[in-house]
1. What are the residues in region 251-272 that are open to solvent by less than 30 Å² (accessible area, probe 1.4 Å) and modelled with pLDDT under 75, if any?
2. Only one residue in F416, F458, F434 is closer than 25 Å to A353 by Cβ and modelled with pLDDT under 80, so which one is that?
3. What helices (runs of 4 or more DSSP H), lying completely within region 1-72, carry at least 2 residues that are acidic (D, E) and either within 22 Å of A92 (Cα to Cα) or assigned by the TED database to the domain that holds E84 (or both)?
4. Considering (1) open to solvent by less than 40 Å² (accessible area, probe 1.4 Å); (2) touching a strand residue (DSSP E or B) at 6+ places or on another chain (Cβ under 7 Å); (3) not hydroxyl-bearing (S, T, Y), say which one I79 fails and leave the rest.
5. Any chance you could count how many residues in region 82-112 are closer than 30 Å to V209 by Cβ, in a loop (DSSP other than H, G, I, E, B), open to solvent by 50 Å² or more (accessible area, probe 1.4 Å) and not polar (S, T, N, Q)?
6. Check off (1) at pLDDT below 70; (2) within 51 Å of the chain's Cα centre (by Cα); (3) crowded, with 17+ Cβ neighbours inside 10 Å for L423 and give me the number that stays unchecked.
7. For region 382-394, check the following and say yes or no: at least one residue is within 22 Å of L343 (Cβ to Cβ), small (G, A, S) and touching a residue at least 12 places away in the same chain (Cβ under 8 Å).
8. Listed residues R248, R232, R275; which is touching a helix residue (DSSP H, G or I) at 6+ places or on another chain (Cβ under 9 Å) and at pLDDT 85 or above?
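The values are calculated or read from the model by the stated rules, or taken from the named source; none is laboratory data. Please read these numbers as outputs of a predicted model, since none were measured by experiment. Using ideal geometry, Cβ is built from the backbone for each residue, glycine included, and neighbour counts are taken over all protein chains shown. Please note that ligands, DNA and RNA were not included when accessible areas were found on the heavy atoms of the full protein model with its side chains. Shrake-Rupley method; radii C 1.70, N 1.55, O 1.52, S 1.80 Å.
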Amino acid sequence: MSKRFSTLDTTRLLFEHPKILFRLIERMDRNETRYLRESDLVAEVMDYTRTLGKADRDRVRLALNSDNLFRTGLVIDIIKAEGERRLVLQDALINLMRACNASLYQELTDARLRGHLVTLRDVRNRLELSSFSEADPDFTELRDDLNERVSQLIGLLRQNVLRMQTISAQLAELSGDASRAPESYLEFRHTLFEQIVTLYDRHIKPTLVFLNPDTRLPDGSNLFETLEAMVRLLENSGDHSLADQLFRSALSLNALHKPIQAVAQEVEHFLRKTRRGMVQYNAMEHFYHKLRELKGETETLSLRRKWLEGSAFARSTGFLLGLRGQQRPKHYAFGASASYYQLLFSELDLRLADLRRKSEVPALQEVAGAGRNSRIDVQRINQLYQWLESLELRPTADLVRELHGRLEGFIPGYRFPDLLAALNRLVNTPPEGFQVITTNRFRTLETEQSPDLSGEQFVYRKRRLEPQTENAHD
């Protein structure tokens with residue numbers, strides 16, 4: 001009696017060695033067939049298990065035998081045609097393997113999308129004649145059918161979006177010959193153009209049209225019109241729960257239009273690339289996928305692998321060496337709250353007021369370097385105090401930085417001692433209606449305006465300027 005495996009054990013072995021089915025499904029897609037030949041299965045299993053140990057090799061070969069696959073139900077039918085045996089795999093198994101490998105996702109064609117739309121139209125027509133009664137088994141079956149078909153459509157479209165988002169790797173593969181055969185670039189570009197146009201017309205464009213709510217179809221309503229009609233029918237019948245669920249599904253489908261549109265723009269942009277641009281594009285894609293492989297090593301069951309092991313990658317690519325020594329670029333992001341814009345406009349008003357008072361700015365006599373002159377210092381401080389008397393301030397969480405920004409661009413010969421003098425004046429004599437709160441938090445300030453101060457830092461204690469309260473006044 002030969003060794004047999006249960007369905008669970010066979011499935012477990014398939015997922016322990018997924019490359020076998022990955023390659024077979026890829027071959028099925030390439031040949032546009034719904035079956036795989038038994039000879040291809042045997043050849044793939046023999047080739048894969050050649051490097052395994054004896055125990056694992058025997059186990060995999062016994063489990064992936066066509067008879068064992070048929071007995072466990074993973075192969076639902078064996079067809080004998082043209083002198084060969086053809087195995088029809090369980091759809092659930094194929095879909096699960098596709099879910100484990102984004103490169104195996106099938107692009108939706110116009111015919112498949114039309115089939116889903118026709119099915120939903122049929123459900124809508126049956127819903128118009130339904131009783132909408134929970135006691136009616138026809139209605140409950142129709143409701144379950146509707147939920148299943150809408151969920152299946154959303155799942156297929158999301159897989160399609162993930163597949164399209166990996167199109168950059170596919171474009172790099174198609175254009176790989178551009179860097180190897182510069183003399184035949186024109187011929188290559190013509191072939192590449194035909195392949196990408198086929199990809200665009202057969203898969204990307206039909207999906208864009210299918211998910212466009214403004215599409216007008218000659219044979220009836222589009223996807224969103226069909227869903228809206230069913231939502232109205234359910235609301236009129238009082239089934240608000242199912243109507244809300246269907247409405248949220250329509251919103252999810254509508255949100256899928258934007259990422260597919262971005263893919264379409266990427267394809268159009270790629271077609272305008274020159275040969276040099278394609279070479280650069282392929283180089284970036286090559287190193288990007290190297291990093292993806294390193295990232296994939298962290299996505300295992302091992303909790304110790306949380307960081308990329310990128311030292312070897314950094315040494316093999318010269319452009320990463322010394323990257324840590326470079327300062328990160330500073331970004332500036334606009335806020336989204338009303339208080340943020342109110343603060344921004346308040347700051348602009350204060351800066352405009354300073355510009356209008358430009359003629360009143362005291363002409364402070366500059367002191368070069370660390371030179372000291374008591375007469376000049378006293379004169380500068382007195383002029384600075386006069387300037388502060390007329391300076392308009394607002395509540396701020398960092399008075400020192402606020403003063404630095406207000407004085408740096410308007411006071412000729414501005415120095416850090418001027419900031420200290422202005423800060424000392426405001427701490428001891430706060431503006432009317434305000435109080436200065438000193439905190440124990442420290443901040444660092446840098447300036448590059450003066451050559452003598454270049455590279456120096458000013459570490460200060462953070463101070464807040466707040467409206468004066470009655471308790472503080474007392």
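1. Of region 251-272, the ones open to solvent by less than 30 Å² (accessible area, probe 1.4 Å) are 253, 256, 260, 263-264, 267, 270.
Once the filter is applied, which keeps residues that are open to solvent by less than 30 Å² (accessible area, probe 1.4 Å) and modelled with pLDDT under 75, region 251-272 yields only F270.
2. Numbers: F458 fails: closer than 25 Å to A353 by Cβ; F434 fails: modelled with pLDDT under 80.
On inspection, the qualifying residue turns out to be F416.
3. 7-16, 19-31, 38-48, 54-63
4. Among (1) open to solvent by less than 40 Å² (accessible area, probe 1.4 Å); (2) touching a strand residue (DSSP E or B) at 6+ places or on another chain (Cβ under 7 Å); (3) not hydroxyl-bearing (S, T, Y), the lone unmet condition for I79 is (1).
5. Summing the residues that are closer than 30 Å to V209 by Cβ, in a loop (DSSP other than H, G, I, E, B), open to solvent by 50 Å² or more (accessible area, probe 1.4 Å) and not polar (S, T, N, Q) in region 82-112 gives 0.
6. Among (1) at pLDDT below 70; (2) within 51 Å of the chain's Cα centre (by Cα); (3) crowded, with 17+ Cβ neighbours inside 10 Å, L423 violates only (1).
7. Within region 382-394, not a single residue is within 22 Å of L343 (Cβ to Cβ), small (G, A, S) and touching a residue at least 12 places away in the same chain (Cβ under 8 Å).
8. Details: R248 fails: touching a helix residue (DSSP H, G or I) at 6+ places or on another chain (Cβ under 9 Å); R275 fails: at pLDDT 85 or above.
Residue meeting the stated conditions: R232.
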